[in-house]
1. Yes or no: region 264-277 includes at least one residue that is farther than 22 Å from Gly307 by Cα, part of a loop (DSSP other than H, G, I, E, B) and outside the structural domain of Arg44 (by TED's automatic domain parsing).
2. In region 149-208, what count of residues is obtained for those that are among the β-branched types (Val, Ile, Thr), away from the ligand (no atom under 16 Å from the Cβ) and either assigned to a loop (DSSP other than H, G, I, E, B) or in contact (Cβ under 8 Å) with a residue 40 or more places away in the chain (or both)?
3. Tell me which residues, restricted to region 189-241, are of a type in the set (A, V, I, L, M, F, W, C) and either assigned by TED's automatic domain parsing to the domain that holds Ile83 or farther than 25 Å from Ile261 by Cα (or both).
4. Scan (1) closer than 26 Å to Met19 by Cα; (2) more than 15 Å from the ligand (Cβ to nearest atom); (3) touching an Asp or Glu at 6+ places or on another chain (Cβ under 8 Å) for the single condition Ile304 breaks and write down its number.
5. Suppose we keep only residues that are of a type in the set (Val, Ile, Thr) and more than 14 Å from the ligand (Cβ to nearest atom) within region 307-328. Which one would you say is farthest from Met19 (Cα to Cα)?
6. Note down all Cβ pairs under 8 Å where the first residue falls in region 213-237 and is touching a residue at least 60 places away in the same chain (Cβ under 8 Å), the second is aromatic (Phe, Trp, Tyr) and near the ligand (Cβ under 9 Å from one of its atoms), and they're at least six residues apart or on different chains.
7. Suppose the filter is within 14 Å of the ligand (Cβ to nearest atom) and either surrounded by 21 or more Cβ atoms within 10 Å (Cβ to Cβ) or not assigned by TED's automatic domain parsing to the domain that holds Ala317 (or both); does Ile280 pass it?
8. Being of a type outside the set (S, T, N, Q), without any contact (Cβ under 8 Å) to a residue 40 or more places away in the chain, within 16 Å of the ligand (Cβ to nearest atom) and loosely packed, with under 14 Cβ neighbours inside 10 Å is the filter here, so list the residues in region 24-50 that pass it.
Amino acid sequence: MAVRSRVLGTGMCVPDLIMTNDDLTRIVDTSDEWIVSRTGMKERHRVRPDQAASDLAIPASRQALEEAGLGAGDLDAIIVATITPDTIFPSTSCILQDKLGARHITAFDVSAGCTGAIYALALADMMIRAGDARHVLIVGVEVLTKITNWTDRSTCVLFGDAAGAMVVGPCDDGRHGMLSYYLASDGAAGNTLFMPAGGSRLPASHETVDQRLHCLYMKGNELFRPAVKMMSDSCILLAERAGLTLADIDMYVFHQANLRIIEAVGKRLEIPREKVFVNIHKYANTSTATTILAVHEARREGLIGSGSIVSQVAFGAGLTWGGVLWRW
Ligand code: ACO
């Protein structure tokens, strides 16, 4: 059995179409100034009408597998974290298993809001340490523009589409890999961020479509403060569980939901600005994909290298929150 899991490869995919803040001013009553000053977002990517989550997940997965030096046939499990699956069932992970040409392996989706990829990574770590799997593909993928209410300016400016992938495998050197994880939830606040219809509580009907109840609904200002607390607490717990201090962390990768939330967490924990990775201006909030995209780009920019200690932390619908701490 492996001592720990570690990341063997990362990948990402965003659709070609870019929507700028100015593009949004032609859809709703908003401005570039409002969006940048309140969120830090400048543009986001959007899928074509015929594209679904798995269409972004496949190229991201192939890129991660290539860096890991593995083929789809080497995978023992696929876990897809998403709130915008291709279909409610079967799972997007099964669609991915088939399209990648993987063996008849374990494949399932995780629904944990924007924290989904963190939940998936912790699950992969458990499977690898238990000896049940050697190579696990994790994907955080979202096509949020498909569940956006384009008449609601308070939400439609916030989201984008993307997939991030990580291939995780065993690590026995006792030094590198996942140092700790932390997962939490609070269902009592679930009505601050949810999709009202389309499940068994309110199945699709003409009325639910007319009332746009198949779109994302969010009380954004009620989430702001809890988000700062949940991500701050997660950072502290992750470091404590690994026997480290916050100052030992080389790079913080937070869920990219709002630049002001990211900055507030940094301020609260007294983290130097250069230790906080930000790419929200390019992609907006891509939910489960954000932290994987950020880790992938931070690696490409040389900000995360061998030996770097990285705190990857998120929060989201559920509510859910948590993180994983790596020595790269
Ligand atoms: N353009 C112009 N004005 C706007 C826009 C817009 N796009 N959206 C809202 N406004 C207006 C409102 O109507 C309101 O006007 P009023 O004062 O005349 O009533 C004013 O701006 C202030 O609205 P607030 O909602 O209070 O604005 P706030 O500063 O809180 O920013 C935001 C809103 C960006 C949504 C912020 O609350 C936020 O980021 N919250 C957290 C969201 C989040 O992190 N969600 C969880 C993750 S997402 C996931 O899991 C999928």
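1. yes
2. Of all residues in region 149-208, those among the β-branched types (Val, Ile, Thr) come to 151, 155, 157, 167-168, 192, 208.
Then keep just the ones that are away from the ligand (no atom under 16 Å from the Cβ); that gives 167-168, 208.
Among the residues that remain, those that are also either assigned to a loop (DSSP other than H, G, I, E, B) or in contact (Cβ under 8 Å) with a residue 40 or more places away in the chain (or both) are: 167-168.
So the count comes out to 2.
3. Of region 189-241, the ones of a type in the set (A, V, I, L, M, F, W, C) are 189, 193-195, 197, 202, 204, 209, 213, 215-216, 218, 223-224, 227-228, 230-231, 235-239.
Within region 189-241, Ala197, Leu202, Ala204, Val209, Leu213 meet the criteria.
4. (1)
5. Initially, region 307-328 is screened for residues of a type in the set (Val, Ile, Thr), giving 309-310, 313, 320, 324.
This time we only want the ones that are more than 14 Å from the ligand (Cβ to nearest atom), so: 309-310, 324.
Working: Ile309: 34, Val310: 31, Val324: 31 Å.
Once the filter is applied, the top-ranked residue is Ile309.
6. Leu216/Phe159; Pro226/Phe315; Ala227/Phe315; Met230/Phe315; Met231/Phe315; Ser234/Phe315
7. Working: within 14 Å of the ligand (Cβ to nearest atom): yes; either surrounded by 21 or more Cβ atoms within 10 Å (Cβ to Cβ) or not assigned by TED's automatic domain parsing to the domain that holds Ala317 (or both): yes.
So Ile280 passes the test.
8. Residues satisfying the conditions are Arg26, Glu33.
The values are calculated or read from the model by the stated rules, or taken from the named source; none is laboratory data. For clarity, every value in this text was computed on a predicted model and none was experimentally measured. Quick reminder, even Gly has a Cβ in these numbers, built from the backbone with ideal geometry, and neighbours come from all protein chains shown.
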